[in-house]
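Have a look at the structure below before the remarks.
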Amino acid sequence: MSGHGSPIPMTSRRAGPLQGVAEVPGDKSISHRSLILGALAVGETRITGLLEGEDVLDTAKAMQAFGADVTNHGGGEWSVRGVGVGGFQEPENVIDCGNSGTGVRLIMGVMATMPITATFTGDASLNKRPMARVTDPLALFGTQAVGRTGGRLPMTLVGTTEATPVRYEVPVPSAQVKSAVLFAGLNAPGKTVVIEKEATRDHTERMLAGFGAEITVEDTAEGRVITLTGQPELKPQVIAVPRDPSSAAFPVCAALVTPGSDVLVPGIGLNPTRAGLFTTLRDMGADLTYENERVEGGEPVADLRAKYSPNMKGIEVPPERAASMIDEYPVLSVVASFATGTTMMAGVKELRVKESDRIDAMARGLRANGITVEEGDDWWSVEGKGPDGVPGGGTCESFLDHRIAMSFMVMGFGAQKPVSVDDGSPIATSFPIFETLMGNLGAQISRDNA
Ligand code: S3P
């Protein structure tokens, strides 16, 4: 199955230790939001370090289709000349968001309160994912949506001409839903209030404030209450996108399971709403240290140093930590295979509606490589085989999911036999330099099935 041209089979195998510096690309969440908020500001926003993965490039094209002027100056430097809040033009063609749930859900939110109509589609993975979680709250503003059965893409949204602000309690822990409602609230007069019971990544709140919107966040007994005053004039910004902790997870975890490794991953944001994996790895006994801790652009940042860690123990990952590491469970389950004892991951139902059903995708691939996995609706557990005990030798389906493909590549670096995926092409959605970067550290990935 591929939505990205021909499938690219990939195999990783044990080689020497991984050593050196791994400069991972820009943060995907912040990259999408930089382009979108730049498109809503009046004047020119300049962005450095933008992630040039397929997901973000699809958002850049979409912003152009809605009337913003987006220019790639090369070397990760981009500029966006925005049209102002409420200023989107109606796109002439269908908006194709590729593989990106973040892209489509955030853009739907933005256009929902503008008097325009747009049709959205995506690849085979995105067109299976639930959109009602976004269109339900957008209907409260007055937006109409018609999609396929079960609220799937392709879907047409008719923006409302008379938006009224809403008060909405997000029923699932999702930064995409929270952000879609806040973005819709931007063009509604008055105060839009979003309440989340569990804190999810807060880039939208921070960046809206940075662009000059009036936004407050209060921690109350009901949860985090976010209040946004609509119809601000957003001011263009100069944005340096920090490196992505979710991409850093791969070289970090690769070093932990590959004998003799010592890898430095510099400049990684440790925003508490994103850094749950690193805390979990340290709880498991990983040799992972934070060097040169500092604050950059208002966010805590450190250089991560990860060394081979043969003494890791399985743990129960606290369910309340799930939102802060939701994209990292696939690679954590690989690390758990190299630990001693069982790792229990509960409160993770959201994993079933990502680019793939990530519990199912990982369980199948782990089992194909000799690992015992148990699973329920919102939990799964992995029985560790110890640092030298992971058999490997399996071929795994990536299900059009970049993080599934990269996780199994990490497994192959430490397993007894090579590990293959049927299709590594989705890696380009978030981490286009993955193979080169891992190769430079000494890893062996080949484009074939063993
Ligand atoms: C994201 C939110 C998360 C995450 C995704 C990026 C964002 O999705 O999985 O990769 O940038 O807002 P959910 O909001 O569905 O949890």
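Just so you know, all these numbers are worked out from the coordinates, no wet-lab data involved. Since the model is a prediction, treat every value here as computed from it, not as a measurement. Glycine also receives a Cβ, built like all others from the backbone with ideal geometry; neighbour counts cover every protein chain displayed.
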- Message: Need the C-alpha centroid separation for region 159-201 versus region 387-446, integer Å.
- Response: 37
- Note on the structure: Yeah, region 125-209 with a ≥ b ≥ c from its alpha-carbon gyration tensor (a/c under 1.5 is rounded, else prolate when a/b outruns b/c, oblate otherwise) is oblate
- Sequence order, region 9-15: Karplus ³J(HN,Hα) from phi using 6.51 cos²θ - 1.76 cosθ + 1.60, θ = phi - 60°, Hz rounded, Gly and Pro as x, gives x, 9, 9, 10, 9, 4, 9
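How large is the helix-only mean residue ellipticity at 222 nm for the chain, computed as the sum of -39500 (n - 2.57) over DSSP H runs with n ≥ 4, divided by its residue count, in deg cm²/dmol to the nearest 500?
-8500 deg cm²/dmol, from helical runs alone.
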- Task: Would you check region 28-239 for Lys pairs whose C-alpha atoms are within less than 27 Å, ignoring same-chain pairs closer than 8 in sequence, and give me the count?
- Result: 14
- Task: Place the peptides 344-351, 402-409, 181-188 in order of packing, highest mean first, counting for every residue the other Cβ atoms within 10 Å and averaging per peptide.
- Result: 402-409, 181-188, 344-351
- In whole Hz, what ³J(HN,Hα) sequence does region 129-137 give by Karplus (6.51, -1.76, 1.60; θ = phi - 60°), x for Gly and Pro? 8, x, 10, 4, 4, 9, 5, 4, x
- Query: From the square roots a ≥ b ≥ c of the eigenvalues of the alpha-carbon gyration tensor of region 36-157, which class results: rounded (a/c under 1.5), prolate (a/b over b/c), or oblate?
  - Reply: oblate
- Kirkwood hydrodynamic radius of region 310-405, from inverse mean 1/r over distinct Cα pairs, in Å: 13.1
- Message: Need one number: nm distance between label points at D388 and N72, each 7 Å from Cα along Cα→Cβ, rounded to one decimal.
- Response: 4.7
- Task: Starting from the amide H of D423, placed 1.01 Å from N in the peptide plane, find each other amide H under 5 Å away whose residue is 5 or more places distant or on another chain.
- Result: M10, S398
- Item | Counting DSSP beta bridges with both ends in the chain, the antiparallel % (nearest 5) | 75
- Query: Averaged over all directions, how much area does the convex hull of the C-alpha atoms of the chain cover when projected, in nm²?
  - Reply: 18.7
- Based on Cβ point charges of +1 for Lys and Arg and -1 for Asp and Glu, what charge dipole magnitude is obtained for region 28-239 about its Cα centre, in debye rounded to the nearest 20? 300
- Item | Between helix 175-185 and the chain: long-axis angle, C-alpha atoms, 0 to 90°, nearest 10 | 10
- Return one number: the angle in degrees, 0 to 90 and rounded to the nearest 10, between the long axis of the Cα atoms of helix 245-257 and the longest principal axis of the Cα atoms of the chain. 0
- Task: For region 28-239, count the residues as N, evaluate 2.2 N^0.38 Å, and divide the Cα radius of gyration by that value, please.
- Result: 0.92
- Item | Relative contact order %, the chain, counting alpha carbon pairs below 8 Å whose residues are six or more apart | 20
